[in-house]
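No lab work stands behind these numbers, since they all come straight from the coordinates. Quantities reported herein were computed from a predicted structural model and do not represent experimental measurements. Using ideal geometry, Cβ is built from the backbone for each residue, glycine included, and neighbour counts are taken over all protein chains shown.
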Amino acid sequence: MYLTKEEEHICEGEQGWAKQICMKILVRLGELFNAEKLIPISSAHVSGVSYKTLGDAPTEFLKALADAQGKATVRATLNPQSLDPEYLGKKLDAELCEKQLKILRQFERMGFTQSLTCTPYYLEKTKRGSHLAWAESSAVVYANSVLGAWTNREGGPSALAAAIIGKTPDYGIHRAENRQPKAIVHVNDHLQSETEYGALGICLGKILEDRIPMIWGIEKASENDLKQLGAALASSGMVNMFQRGPQDPIKKPRNVQTISVEARDIKSTIDSLTTTSTSKPDLVFVGCPHCSSDEMEQIARLVEDKKVKTGTEFWVCTSRHVKELKRESVEIIERSGGHVLAGVCTVVSWTEKLGIKTIMTNSAKTAYYAPTLNKAQTILAPLEDCIKAAFRR
Ligand code: F3S
């Protein structure tokens, strides 16, 4: 891989160990994927912030980097942590909270924005055509497919290294020739809820693996529906972007596989992500991926004048940014007995330590992961049904 003189000097350690190790990570990755050079990025987004998913060893690496003056050189944001200090922090062991805090401290020392969200695109506008190094898979698909930015799906370490160097190897979907669709999908069903878009994502992710689809029949999808579709696509498969046809200004690709998705495929996917028949879930969770301002308002409208049922928890997860922007909606949700949790999500927290055995959600991504990551039974249903299950009237 071609390196500039400055990049070579960094690789030789002339700008310190932190930059040297980060440059080596990027060069190794670039060589692995036959990149010819590094390209500048406008932002990096690091996953692997939750102590639940990270564990102890990476914390030591983060501390070593911070001790060696590792500093982000571009805008650098963080994925959700495992607890929020206001609610879950008071319910979980002090030792877990301290370990989580230790991770956040290291990122803070390195100049990362304590965004703690999987929707960093709600914090600051992402420019069309900009190159990014983002590691949260749902955000990667959204950035490539909806925002028109260019990013591979980074791992936690490579996004961290890119944040410190300010560059990423030029391979994968940073290159125009790799952003062409490799499959055409016809959706022969009028999808009616965010949950059905999520189910479409899970269904397609399994078939497509890493091939970019051009999806026809989703012209009516809202940005929230597309967010659910992308998050789910990236959960069951390795797809990093989709295109919408036929309104996108590109020709119909030739010689690619055609896939049809019928109403029965959506229904059977939703059924397969519902593993219990109980009508009384321990937790009703919305906000995967983290809620936008519009979604907060929508939830507040739906729960106004209602009360959460005794024995049920109702969580809405979002970023601190959106929570502060939408104070009025937050107050309505909290007055109803719900909890608006900022900077955290169900999947990366220890719900099993809180005795939660059944989770109802409108997110196909959460329903896909919760049986393994939360050891919980799941019910997947649209927002309105989730609210009916959580509230008395
Ligand atoms: Fe975000 Fe957690 Fe879902 S990180 S995409 S809310 S699993």
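Phi angles across the stretch 274-288 convert, under the Karplus curve 6.51 cos²θ - 1.76 cosθ + 1.60 with θ = phi - 60°, into 3J(HN,Hα) values of 10, 10, 9, 9, 4, 9, 10, x, 5, 9, 10, 10, 10, x, 10 Hz, Gly and Pro given as x.
Return the inverse of the average 1/r over all pairs of distinct C-alpha atoms in the stretch 1-150, which is the Kirkwood hydrodynamic radius, in Å to one decimal.
Working: mean 1/r = 0.0596 Å⁻¹.
The answer is 16.8 Å.
Length gained on full extension, F33 to D271, computed as 0.36 nm times the residue gap minus the Cα-Cα distance: 81.8 nm.
With neighbours defined as other Cβ atoms within 10 Å of a residue's Cβ, the residues T274, T113 order from fewest to most as T274, T113.
Compute the Cα gyration tensor for the stretch 252-296, then decide on rounded, prolate or oblate, letting a ≥ b ≥ c be the square roots of its eigenvalues: rounded whenever a/c is under 1.5, prolate when a/b is larger than b/c in the other cases, and oblate in all that remain. It comes out oblate by the Cα gyration axes.
Scanning the chain for chymotrypsin sites (Phe, Trp or Tyr not before Pro) in DSSP loops with at most 13 neighbouring Cβ atoms within 10 Å leaves 34-393 as the longest stretch between them.
Measuring max minus min along each principal axis, the C-alpha atoms of the stretch 134-211 give extents of 46, 26, 22 Å (largest first).
Summary of the geometry: the stretch 26-94 and the stretch 96-155, compared by the centres of their Cα atoms, lie 9 Å apart.
Tell me which DSSP H helices of the chain clear both cut-offs, 24 Å or more of axial length from alpha-carbon atoms and a mean Kyte-Doolittle hydropathy of at least -0.5.
none
Looking at the square roots a ≥ b ≥ c of the eigenvalues of the Cα gyration tensor of the stretch 152-303, which shape do they give, rounded for a/c under 1.5, prolate if a/b is larger than b/c, or oblate? Oblate is the answer for the stretch 152-303, as a/c is 1.5 or above yet b/c matches or exceeds a/b. The stretch between R211 and A94, if pulled fully straight at 0.36 nm per residue, gains 37.7 nm over its current Cα-Cα span.
Estimated from the Cβ-Cβ distance and a Förster radius of 22 angstrom, the FRET efficiency linking F61 and E8 is about 0.35. What GluC sites (Glu not before Pro) does the stretch 271-310 have in DSSP loop regions with at most 13 other beta carbons within 10 Å? Answer by residue number: E304. Structural descriptor for the chain: relative contact order 17 percent, calculated from alpha carbon pairs under 8 angstrom and at least 6 residues apart. Our summary gives the stretch 51-174 a relative contact order of 27 percent, counting only alpha carbon pairs under 8 angstrom and 6 or more residues apart. Looking at the chain alone, DSSP beta bridges between its own residues are antiparallel in about 10 percent of cases. In the stretch 74-158, the alpha-carbon atoms span a convex hull of 104 Å³ per residue.
Taking 0.890 mPa s as the viscosity and 25 °C as the temperature, the Stokes-Einstein diffusion coefficient of the chain based on its alpha-carbon Kirkwood radius rounds to 114 µm²/s. Averaging Cα coordinates gives a centre for the stretch 287-362 and one for the stretch 170-213; these two points are 28 Å apart.
Just check the stretch 334-385 against the gyration tensor rule for me: Cα atoms, a ≥ b ≥ c as the square roots of the eigenvalues, rounded for a/c under 1.5, and otherwise prolate or oblate depending on whether a/b exceeds b/c. Oblate, because a/c is 1.5 or more while a/b does not exceed b/c.
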